Amino acid sequence: MTLVAGVLTGNLLGFGRVAVTAYLLGTHSRADSLAVGMGPIDTLNSVLINSVVFAFVPMLTACSGAERTALFLKLSRCFLWVSAVISATVAIGAPWLMRVLAPGLDPQYFPTAVTVLRILAVSTMAAGAGGVQCALLYTDRRFAPTAFYQAALNVFMMIGALSLWKLLGVYAFAVGYTAGSWAQFAIVYFAARQGLDTSAAAESEIHWRELLAKPAFFVVYAVGLGLNITFTRAYATHAGPGMAAALDYCMRGVGVPLAILVNPISNSLLPEIARLRSLFRLREAFRLIDRTIALAALAAVGGCAFAIAFRQPAIALFFQHGSFTADSTRLVAAVFLGMGPSLIGWSLLEIGSRSLFALDRPWLPVLAAIVPVLLNVTLTLRLHSFRPEWVGAGPSLGLLAGFALLFLMFRGTRQRWLEQPGATPSAG
């Protein structure tokens, strides 16, 4: 419930953030320059945080006392350096990255997009370092400090945009986002260290190479899913001014129910599934996963149908003000027709995959995560249509296919897992 409260708060504030963006930028090329810079960074930060959390919550759960503290401190140092290197690499390589991320962007706004990307790259250092603090907090079942991550980003982004718009223009959004990321890092940093006894902690014996390799499977999985939307956004820049921005506005309509479905469920179930695995109670873990996916499927299908049916009046109500005109509403509503169904496949794929990561079965999610982007690229290039209704069709169909493959592989292998030695507790 704590996570639900945080997700709801963050996403309600997210509507305010997008409303401010729509009011000031509409579907102009300036909005495209912000979308092509912020979208990939948002994905990168999410990959870093989730990779660290899902890789190290089970490892931290298996430790206790001074051993857990020593491991946490070593993880903190290690991923501070990793995230700093990533931030510097993105900032230095921004011009080359932007040619890949936005090949069809109006040349007049290309320098703007590069600068936006460089400002946002600073937030990645806070996200990567903060992910370790979140992992310790999840291990201790302290969800409140981590639950409002998105809320902090949205509040600071709105404050930055409204207070600095006249001075910085579109860069005000990037400054606000980066400030929010560091504010959230400060919250989880001090919360994680509250009551932590570091004096008795010796140096962890686990080598840093092993620590870096631990999140590898989840990184590949998360990057595969991220590339699905990144490719679509890059392709949308060829479809004319405002199309990339329209796709990002649609992502708000998908992202809110997705976050409500996935984040509270997966983050709260992760320690429980890891505990059942450590006790060799796999049958109970499988039943828990099955019930969760069934309930999430009902919610996702219902939410998707409702969103598509009422998309145009909802978009007009929330966003049609200032620079966001009636033409902008029609464009975003058309893009959402193809993008909306991605909620179903995306939410089920995420919940199923994260559950399997908690069971220490990473290969199935990794294989399933490659399917959406491969199918998306194939369909999009085969159709080669710039009609807004088709821009989001590729990622939606790809995510549905990815979940179908994951489900079939999971059902087909679970009996073999149960037959392995130690899969169920002995009668004695």
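Just so it is clear, none of the values below were taken in a lab; they were calculated from the coordinates. Since this is a predicted model, take the numbers as computed values, not measurements. Here the Cβ is made from the backbone with ideal geometry for all residues, glycine too, and neighbour counts use every protein chain on show.
Some values worked out for this structure:
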item: Top positive-direction residue, dipole computed over the chain with Cβ charges, set Ile49, Leu101, Asn228; result: Asn228
item: GNM top mover of His384, His238, His28 - the chain, alpha-carbon springs below 10 Å; result: His384
item: For the chain, size of Cβ-based charge dipole, Lys and Arg +1, Asp and Glu -1, in debye; result: 340 debye
item: Where a label projected 7 Å from the Cα of Asp327 along Cα→Cβ would reach, residues of region 244-262 with amide N under 20 Å; result: 244-250
item: Estimated [θ] at 222 nm from DSSP helical runs (n ≥ 4, -39500 (n - 2.57)) normalised by residues in the chain, nearest 500; result: -28500 deg cm²/dmol
item: Proximal charge balance of Thr139 [Cβ under 12 Å; K/R count +1, D/E count -1]; result: +3
item: Asp140, Asp32 arranged by Cβ crowding within 10 Å, fewest neighbours leading; result: Asp140, Asp32
item: Which of Glu350, Glu389 has the fewest Cβ neighbours within 10 Å, and the rest in rising order; result: Glu389, Glu350
item: Efficiency of FRET from Cβ geometry, Cys63 and Ile159, R₀ 30 Å, rounded to 0.05; result: 0.15
item: Least to most buried among Met158, Met125, Met409, Met339 (fewest other Cβ within 10 Å first); result: Met409, Met158, Met125, Met339
item: Label-to-label distance, nm, for residues given as Ser385 and Trp417 (7 Å Cα→Cβ offset); result: 3.9 nm
item: Separation in nanometres of the label points that stand 7 Å from Cα toward Cβ, at Ile92 and Gln312; result: 5.1 nm
item: Cα long-axis angle, helix 149-168 against the chain (0 to 90 degrees, to the nearest 10); result: 30 degrees
item: Net charge contributed by nearby residues that have their C-beta within less than 13 Å of Ala191 (K/R +1, D/E -1); result: +2
